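First comes the structure, then the notes that go with it.
The values are calculated or read from the model by the stated rules, or taken from the named source; none is laboratory data. Being a predicted model, the structure only gives us computed values, none of them experimental. Protein only, heavy atoms only, side chains kept; ligands, DNA and RNA dropped before computing areas. Shrake-Rupley method; radii C 1.70, N 1.55, O 1.52, S 1.80 Å.
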Amino acid sequence: MTAQTAPETAQTAPAKRTAVSAIIVLAGSMLSAALAAVANWIAANGLGAAGFGVFSLAVAIMTVVQEIGGPALDTAIVRHAAPLVAKNPQRAEVFFRAGILLKWGISGTL
């Protein structure tokens with residue numbers, strides 16, 4: 001009976017860790033959403049209708065710019081520069097440098 005429980009325990013340990021990790025991530029996401037709702041409620045009450053509209057517009061623009069400057073720019077840099085690394089390393093370096101400067105510029109505007 002002990003020999004049968006050892007393999008079962010070895011197989012269930014990763015499953016338990018995964019379940020615990022998923023619960024932690026879910027709890028963190030729920031807490032983040034709740035805090036965002038409270039912050040929006042406080043901002044809406046404190047700023048008034050016109051002020052909250054401007055605040056919401058600023059947050060929306062910041063989110064769009066952040067998405068453009070984040071994963072989308074990384075993907076574009078890698079797709080254009082990766083084929084050049086073996087053939088023309090100097091040109092690939094130009095792409096990487098330009099990408100870094102763009103990311104810094106976009107980050108600076110936020």
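Can you tell me which residue among 59, 54 is modelled with pLDDT of 90 or more and either open to solvent by 60 Å² or more (accessible area, probe 1.4 Å) or β-branched (Val, Ile, Thr) (or both)? Explain how you work it out, then say what you get.
Numbers: 59 fails: modelled with pLDDT of 90 or more.
Exactly one residue qualifies, and that residue is 54.
For every residue, the table says whether it meets (1) at pLDDT 90 or above; (2) open to solvent by 70 Å² or more (accessible area, probe 1.4 Å); (3) of a type in the set (D, E, K, R).
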position	(1), (2), (3)
9	no, yes, no
14	no, no, no
17	no, yes, yes
25	yes, yes, no
31	yes, yes, no
35	yes, yes, no
39	yes, no, no
46	yes, no, no
>> I'd like to verify a number: residues in segment 62-93 that are at pLDDT 80 or above and either open to solvent by 90 Å² or more (accessible area, probe 1.4 Å) or polar (S, T, N, Q) (or both), how many?
In response: 9
